[in-house]
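I have placed the structure first, in the form of structure tokens, so that the comments after it can refer back to it.
The values are calculated or read from the model by the stated rules, or taken from the named source; none is laboratory data. Here the structure is a predicted model, which means the values were calculated and not measured. Cβ atoms come from the backbone with ideal geometry, glycine included; neighbour counts cover every protein chain shown. Just the protein is used for accessible areas: all its heavy atoms, side chains included, with ligands, DNA and RNA removed. Shrake-Rupley method; radii C 1.70, N 1.55, O 1.52, S 1.80 Å.
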Amino acid sequence: MQICEGEIYSGNNLNAIDCQIHGCIHLDPIPVNKYGDGYYHRCVKPSMKDDYEQDKEWWTAIHNDWLSLIPQRDGHRLLDVGAGTGHFIQNARLAGWSVVGIESDYEMAKSNRNYVLWGEYEDYSGTDYDVISAHWVMEHLADPSHFLQWAKGRLKDDGNLLITIPNDFSPIQKDAMLAVNKPYYWLNQYHINYWNGPSLVRFLNTNGWSIVDVYGSWQPEQHILNGMNYLEDHNLGRKLHSERMLHDLETRAEYRRSKYRLMG
């Protein structure tokens, strides 16, 4: 048994450690992952699929932005791990990709059964993919290094891994924490691991990956610094998110992609 060593952060009755052994910040102790049993979508974010449907036009634009980071060739095959609502995999298919997804939540997988398989990523043995995508997955994994090793075995030699993570322990997030006087408010029992852009790059490098591109997004903590605390006000959060979506959709794709690459 390894004993983790590093600086401790406490918030929301949880402790996280900047672990020198695992190479990332993670909850300490590491909790049992309850994501796959459907609890997360059923009880924590029951409106997730409805929210995605309401925001479908925006998500299509954002997903196409992400896909544009990887040059596409005829017959390109994409495996989406943690397919969730299925919106990303549907947009990839419409953009011309040959797609399959895997999702550990049975109800989510069943609702997208034409393209999504039900199970844990370790259960899937397909190989020779051009791209593996994992959007908001790695923060839920008890052993993210194992996932990175597994992904290498599923990709072609020149394949790409497309990862999306929450931007945690970032400078603006720490400023927002001080503004609302709520220490490390982003710690929660369902996010086991925490990264930001630079720390994820280090983690990937340490695990044998080369970085092709880093892509950012709007930092919602700016709202908090502007006096609009959405953390415990879902309606305010949705309103501010709607304004962000409108801005993104009114922006030409070329400019939007340039801006978010710069932010990355």
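Within the range 218-227, how many residues are under 21 Å from Asn12 (Cβ atoms) and part of a loop (DSSP other than H, G, I, E, B)?
First pass over the range 218-227, keeping only residues under 21 Å from Asn12 (Cβ atoms): 219-221, 223-225.
This time we only want the ones that are part of a loop (DSSP other than H, G, I, E, B), so: 219-220.
Total meeting the criteria: 2.
Out of the residues in the range 49-104 that are of a type in the set (S, T, N, Q) and part of a loop (DSSP other than H, G, I, E, B), which is most open to solvent (accessible area, probe 1.4 Å)? Steps first, please.
First, the residues of the range 49-104 that are of a type in the set (S, T, N, Q): 54, 60, 64, 68, 72, 85, 90-91, 98, 104.
From what's left, part of a loop (DSSP other than H, G, I, E, B): 68, 72, 85, 104.
Working: Ser68: 58, Gln72: 85, Thr85: 9, Ser104: 20 Å².
The residue in question is Gln72.
Against the condition modelled with pLDDT of 80 or more, among the acidic types (Asp, Glu) and under 26 Å from Gly84 (Cβ atoms), how does Asp18 come out, does it pass? When the stated conditions are applied, Asp18 does not pass them. Would you check if Tyr230 is free of Cβ contacts under 8 Å to residues at least 24 places away in the same chain, open to solvent by 30 Å² or more (accessible area, probe 1.4 Å), part of a helix (DSSP H, G or I) and of a type in the set (Phe, Trp, Tyr)? Considered against the rule, which asks whether it is free of Cβ contacts under 8 Å to residues at least 24 places away in the same chain, open to solvent by 30 Å² or more (accessible area, probe 1.4 Å), part of a helix (DSSP H, G or I) and of a type in the set (Phe, Trp, Tyr), Tyr230 comes out as no.
For the range 126-142, does any single residue satisfy the condition of being farther than 21 Å from Gly84 by Cα, in contact with a Phe, Trp or Tyr (Cβ under 8 Å, 6 or more places away or on another chain) and not hydrophobic (A, V, I, L, M, F, W, C)? No, the range 126-142 contains no residue that is farther than 21 Å from Gly84 by Cα, in contact with a Phe, Trp or Tyr (Cβ under 8 Å, 6 or more places away or on another chain) and not hydrophobic (A, V, I, L, M, F, W, C). What are the residues in the range 108-132 that are more than 18 Å from the chain's Cα centre (by Cα), under 19 Å from Leu148 (Cβ atoms) and among the hydroxyl-bearing types (Ser, Thr, Tyr), if any? Listed by number, the residues that qualify are Tyr124, Ser125, Thr127, Tyr129. Filtering the range 233-264 down to residues that are acidic (Asp, Glu) and assigned to a helix (DSSP H, G or I), which residue is nearest to Lys56 (Cα to Cα)? Step by step, filter the range 233-264, then rank; the result is Asp248.
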